[in-house]
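Presented below is the structure to which this report refers.
The values are calculated or read from the model by the stated rules, or taken from the named source; none is laboratory data. Computed from a prediction, not measured in an experiment: that's the story for all the values here. Counting neighbours? That spans all protein chains shown, and the Cβs are built from the backbone with ideal geometry, glycine included. Remember, those area values only see protein heavy atoms, side chains included, never the ligands or the DNA or RNA. Shrake-Rupley method; radii C 1.70, N 1.55, O 1.52, S 1.80 Å.
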Amino acid sequence: MNQESQPGHIDQIKQTNAGVVYRLIDQHGPISRIELSKRAQLAPASITKIVREMLDAHLVQETEFQEPGSRGRPAIGLVLDTDAWHYLAMRIQPGQLTLTLRDLSSRALQEDRLPLPLDSGQPLLQTLLEQVNAFFVRYQHKLERLTAIAITLPGLLHAPSGVVHRMPGYDVQDMPLGETLSTRTGLPVFVQHDISAWTLAEALFGASRGAQDVIQIVIDETVGAGVISAGHLLHKSGRALVEIGHTQIDPYGEQCYCGNHGCLETVASMGSLLQLAAQRLPSQSDSILNHTPLTVQSLCDAAQQGDRLARDVIAGVGHHIGRMLAMMVNIFNPQRILIGSPLNHAGEVLFPAVINTIRQQALPVYSQTIQLTPTAFADPGTLGAAALIKDALYSGTLLVKLLQG
C-alpha cells in the first residue's frame with residue numbers, strides 16, 4: 001500500500017530532489033546536466049549524483065542531441081529509459097474491471113476489460129485478487145520489471161492506507177484493498193478516487209496541462225469535483241474528492257440517497273436529468289423527444305437541434321452547477337474550470353449556462369478571466385491510474401523505491 005512512515009528530513013530532501021530531476025528529464029529531455037542544474041536549482045554535484053543513480057538503475061539514458069543555436073559537436077543529454085519498467089493500472093467501476101499493463105512512459109501495452117458482477121457470491125476483494133493474479137499469468141511473457149499497481153474507483157476511501165470504506169453497487173465495508181494487494185504482490189499500491197485521479201490525469205496529460213489552479217467537475221451518474229491548487233491535487237494524501245454532489249441546493253427538494261434533501265446530485269446527475277425531462281415531456285407535445293427513446297445522448301442530440309425542452313433541462317443543470325462553482329471560484333480562484341460529462345455533447349447549451357451563472361454570482365475579479373473547457377478525455381479509462389504513477393515518480397515517492405531496487 002502507499003502508506004509509508006515519514007522519511008527523515010535528509011531523506012525527504014533527497015526524495016524531492018530526485019523527483020524534480022526525473023520530472024525535468026521527462027518534460028524537457030533530451031536535456032544536459034548543466035540545463036538540469038539551472039532548472040532544478042541544484043548544485044552540479046547534486047545533479048551528477050542523482051543522475052548517476054538513475055543511470056545505474058536504468059531509469060534514464062544518455063543520448064546525443066544538438067542544442068538550440070549550437071553548430072558544434074552534439075551535446076550529451078538525458079532522456080528517460082521507460083520501456084522495461086511496467087506497472088498495472090486498474091479501474092474499478094460498477095459492473096466492470098479494466099486492467100492495463102503500462103510502461104513508465106504511460107504507454108498501454110495490454111488491456112483487458114472484464115465483467116465485475118455486482119453480486120458474484122464472493123467478497124469483492126477476493127474477486128479482485130483473483131483477476132489481478134490471472135492477468136499476470138496471462139501476460140507473464142510481456143512482464144519485465146513490474147514496479148507498482150495503481151487503482152482508481154468510485155466511493156468513499158482513504159488514499160494513504162488504500163482502505164475502501166464504501167463503494168456503490170458492492171457490499172464493501174472498510175475493504176483493505178491497498179494493503180492486501182501489496183502483501184500478495186510485494187508491490188507498492190496506489191489507490192485514489194476515480195474523479196480525483198481523472199483530475200490529475202487532465203493536469204498531467206490533458207486539458208489542464210500547465211495550469212497551476214484548476215477545478216474539474218464531473219457530471220454523470222454522480223456529481224463530484226477535483227481541485228488542483230498550486231500545481232498539486234488538493235488533499236491527495238487523504239480524501240481528495242471534493243464532495244459537492246451532496247451539498248444541499250434546495251432544502252425542500254427531493255430526498256437524496258445520502259439522507260439529505262435537495263443535494264446537487266438530485267438536480268444535476270444524469271438520472272435526475274432524465275427524470276425531469278420525462279416529467280415535462282407530456283406537456284411538450286412539440287418536442288422531438290416524444291419520438292425517440294429518452295437517453296442522455298438523445299437529449300443532447302435534441303438540444304443541438306434546438307429542441308426547447310432539451311435545451312431547458314440541460315441549461316437548468318448548468319445553472320445548478322454554476323451556482324456551486326461560483327462558491328468554489330471565490331474560494332480557490334482557479335485559472336481554469338474543466339467539465340467532464342456526457343452533456344459536453346451539448347456544450348453549446350451547457351457551457352454558457354455554467355459560465356454566465358458563475359459570472360453573475362462569483363467575485364468579478366476572480367470570474368472574468370476563467371477559462372471553461374471540456375476535459376480532454378471523455379472517458380479516462382486507466383489514465384487516472386497512470387497519472388497516480390506519474391505523480392508518484394515526480395514526487396519521488398515511487399522513484400526512490402526503484403532507485404533502491
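Assorted remarks:
- GLU62, sole failed condition from (1) farther than 22 Å from ASP194 by Cβ; (2) out of contact with any strand residue (DSSP E or B) (no Cβ under 9 Å at 6 or more places or on another chain); (3) open to solvent by 70 Å² or more (accessible area, probe 1.4 Å): (2)
- Of all the residues in region 117-151, those that are of a type in the set (D, E, K, R), closer than 27 Å to SER196 by Cα and modelled with pLDDT under 95 number 1.
- Taking the listed residues GLY322, GLY340, the one that is of a type in the set (Gly, Ala, Ser), in contact (Cβ under 8 Å) with a residue 60 or more places away in the chain and in contact with a Ser or Thr (Cβ under 7 Å, 6 or more places away or on another chain) is GLY340, with no other qualifying.
- Every residue from region 205-225 that is touching a residue at least 24 places away in the same chain (Cβ under 8 Å), among the small types (Gly, Ala, Ser) and over 16 Å from ALA378 (Cα atoms): ALA211
- Residues satisfying the stated conditions in region 158-168, i.e. touching a His at 6+ places or on another chain (Cβ under 9 Å) and open to solvent by 20 Å² or more (accessible area, probe 1.4 Å): HIS158, HIS165
- Within region 134-157, the set of residues being out of contact with any helix residue (DSSP H, G or I) (no Cβ under 9 Å at 6 or more places or on another chain), open to solvent by 40 Å² or more (accessible area, probe 1.4 Å) and not in a helix (DSSP H, G or I) comprises GLN140, HIS141, LYS142, GLU144, LEU156.
- Test result for ILE10, β-branched (Val, Ile, Thr), surrounded by fewer than 20 Cβ atoms within 10 Å (Cβ to Cβ) and over 30 Å from VAL132 (Cα atoms): yes
- Check on ARG336, among the basic types (Lys, Arg), touching an Asp or Glu at 6+ places or on another chain (Cβ under 8 Å) and within 19 Å of PRO374 (Cα to Cα): yes
- Region 173-187 residues that are at positive phi, paired with ones that are assigned to a strand (DSSP E or B) and open to solvent by 10 Å² or more (accessible area, probe 1.4 Å) (beta carbon under 9 Å, 6 or more apart): ASP174/VAL163; ASP174/HIS165; ASP174/ARG166
- Residues in region 66-116 that are surrounded by 17 or more Cβ atoms within 10 Å (Cβ to Cβ) and modelled with pLDDT under 90: 1 in all.
- Taking (1) farther than 30 Å from SER120 by Cα; (2) of a type outside the set (D, E, K, R); (3) modelled with pLDDT under 95 in turn, SER37 satisfies each apart from (3).
- Checking each residue in region 354-380 for being open to solvent by 50 Å² or more (accessible area, probe 1.4 Å) and within 18 Å of ARG107 (Cα to Cα) picks out ALA376, ASP379.
- Restricting region 284-335 to residues that are assigned to a helix (DSSP H, G or I) and among the acidic types (Asp, Glu) leaves a set whose member that is most open to solvent (accessible area, probe 1.4 Å) is ASP312.
- Residues of region 381-399 satisfying the condition of being open to solvent by less than 20 Å² (accessible area, probe 1.4 Å) and small (Gly, Ala, Ser): GLY381, GLY384, ALA385, ALA386, ALA387, ALA392, GLY396
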